[in-house]
Amino acid sequence: MIETEAQRRWWFATHPELSGGRRGDRVGKHKKGKGESDEVSPEVVDAYVEQALEHETDDVVIEMLKRTKFWFGSEFDSKTAEEQRALLWGDDDGDGSPDEPANKGGNHQTSRAPKGHPAASKAGYTQYEDVLDRVEDYQQEIFERAIEQDKKGLEPDPHTFLDLFPWRRLVTSPVGFVRGLVRGAARGTVVHAVKKAGSKGPGTWVEVPRGPNGMAHQSKMSGQQIRESGGRLYIKEYEVNGVKFDDYKNGKLYEYKGPHGHLFDKNNDLRPWVKDPGEMRKQAVRQAKAAKGIPVIWRVGAHQVKAFKNAVGKVRGVEIVP
Amino acid sequence: MNSYLFSQNCRPRGDFRIDEILEYFDLMKEAFRCSEIYGSNSKPLELTRENLERIFRKKIDKLFPGIGVNVDWFSIPPRKRDDNTVRFEIHTGTFPDEVFIDTYDISIGEAKKVPDLSYFEKSIQIFEPFEAYLGESENEYALDSYNRQQEIPFDRPAIIRGFHYMDESLIRNIGGMKHCLKAPAWKVERFCKGVLIELVPGLFDHENPEHLKIQQEAMEHFGIPVVWTAPEIDY
């Protein structure tokens, strides 16, 4: 039975596949509201890809984009169910009907692209596939090793210096590092191809490491993608005179504040015992100072405007809006 | 119950006003009947000149030293999470060439009783702010004092509060001393280096229509619009 914090850490360190609460894992996950869905309409995919193709010059990325449009855009949707199955599973036996997955002999759970999927034949994609395969093999090896260790039973609390030494990190962190590198690189290529270049203005876009709290909200609002690398999360922010803002658009600097409901009372006033209103005020003053007259807008929760105004106090140059 | 904020706005001088802060906390300990003042780490503060100097110096912003320092101190350790907590919000040490100001505010939770107003008068005499007032949270929000203040510089009041002190420089901008002393309020008197206006005896209550009516009349007297719409922000 896991009884101590040290045991709990050991267990999660040796069971990476079950560490759902690790840093960054929750990013992007949220409770879906009624009627909310992850699905993106094929027309939106078409529009995004068309826009990206206007700017993209790299052949590999162009090919990837075209295939994305084919598989997820309206073209594939417009085909009949029979034709879609034929495209997905191929028609090797020439009987005019798609072959059943069971007849193909392949392991469909592990293959990333079905037979006939054009993306699988591209050099760039294959390269990522190889790296991902190697990472998966490495993860499998680590997992098996962890199972072996698990059989030995739980370790006691650390008593010696050697017990305290986090040698297991040497095993688990390279996995996270490689996975982050590969995923980050692959995702970055596609994201940069699809996303428009950041707005120009008085400052520059810089990538900064940030904690997981509020990261998903910031990413959603600013449109900047979260990149995971080496177990850390990175996002692009807009830096003006050494001070960072979440976004810059239409000649205004933005700071996006996620939900702070636990800090407010029933009247949506900041609770008197909240320790950090000074930090908010300091942030507002620094931003107003660095902006040098450019409007600074804090976007906060609709019911939290009053509380944020109380917290920020009398800082000129910072607008607080829902 | 309503929550109140006692606010004192001072013109920046470029120093931390440590002597004034020490005197202010001696007064506030008596006003709120607390024997200690606690830092955000829930430990009691040593209220000495050397310690305050050390705390403020440590918090100076490296990039913009002129913007001053912020500290939040408490009447009860904040870890205890009690709505009786009184928070002392201090922004001090702003350089005179900045657009920001020094503020010495007290946020009083709705469960906490507001002390006798004479303590706030004494506090005004300590800091000699250009503006000080006891604002009520709901009333401030209803009249949108935050956005009003964004539109005007700090040389005139955004709204008139139940307990409101203005120094001569502010008074000049809203009609002069004679005009100010004629304000339709329960009590208007010369005080410290300006005028102290008390709209009603005791605490202002936003749920009392009489109080709101008096506030409206006072604001009209000073040419401050009661109905005000914030300019559209395209965001």
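Brief remarks follow.
- Per residue convex hull volume, Cα atoms of the range A:218-288, in Å³: 142
- Pairwise label distance in nanometres, B:Ala111 with B:Gln125, each label 7 Å out on the Cα-Cβ vector: 3.4
- Potential lengthening of the chain between A:Ala302 and A:Trp11 amounts to 100.6 nm, from the contour at 0.36 nm per residue minus the alpha-carbon distance.
- Shape category assigned to the range B:28-161 from the gyration tensor of Cα positions, a/c cut at 1.5: oblate
- In loop segments of the range B:130-186 as defined by DSSP, the trypsin sites (Lys or Arg not before Pro) with at most 16 further C-beta atoms inside 10 Å of their C-beta are B:Lys182.
- Extending 7 Å from the Cα toward the beta-carbon at both B:Thr229 and A:Trp205 defines two label points whose distance is 3.7 nm.
- For the segment A:302-315, counting C-beta atoms of other chains within 10 Å of every residue's C-beta and taking the mean gives 5.
- Zone residues, the range B:104-123, relative to B:Arg33, backbone N less than 18 Å from point 7 Å out along Cα-to-Cβ: B:108-120
- Tensor-based shape of the range B:149-235 (alpha-carbon gyration tensor, a/c under 1.5 rounded, otherwise prolate or oblate): oblate
- Among B:Ala218, B:Ala183, B:Ala142, residue whose mean-square fluctuation peaks in a GNM of chain B (springs only between Cα atoms under 10 Å): B:Ala142
- Sites matching GluC sites (Glu not before Pro) across the range B:1-36 that sit in DSSP coil, with at most 15 neighbouring C-beta atoms within 10 Å: B:Glu36
- The orientation-averaged shadow of the Cα convex hull for the range B:1-50, equal to a quarter of the hull surface, comes to 5.1 nm².
- Summed side-chain charge close to B:Phe120 - residues other than B:Phe120 whose Cβ falls under 12 Å, Lys, Arg +1, Asp, Glu -1: -2
- Each label point was placed 7 Å from the Cα along the Cα-to-Cβ direction; for B:Asp155 and A:Asp58 their separation is 5.6 nm.
- Peptide B:3-13 - average C-beta neighbours from other chains (10 Å radius): 1
Read the figures in this text as sums done on the coordinates, not as results from a lab. Because the structure is a prediction, the values reported are computed rather than measured. Positions of Cβ are generated from backbone atoms using ideal geometry, with glycine treated the same way; all protein chains shown enter the neighbour counts.
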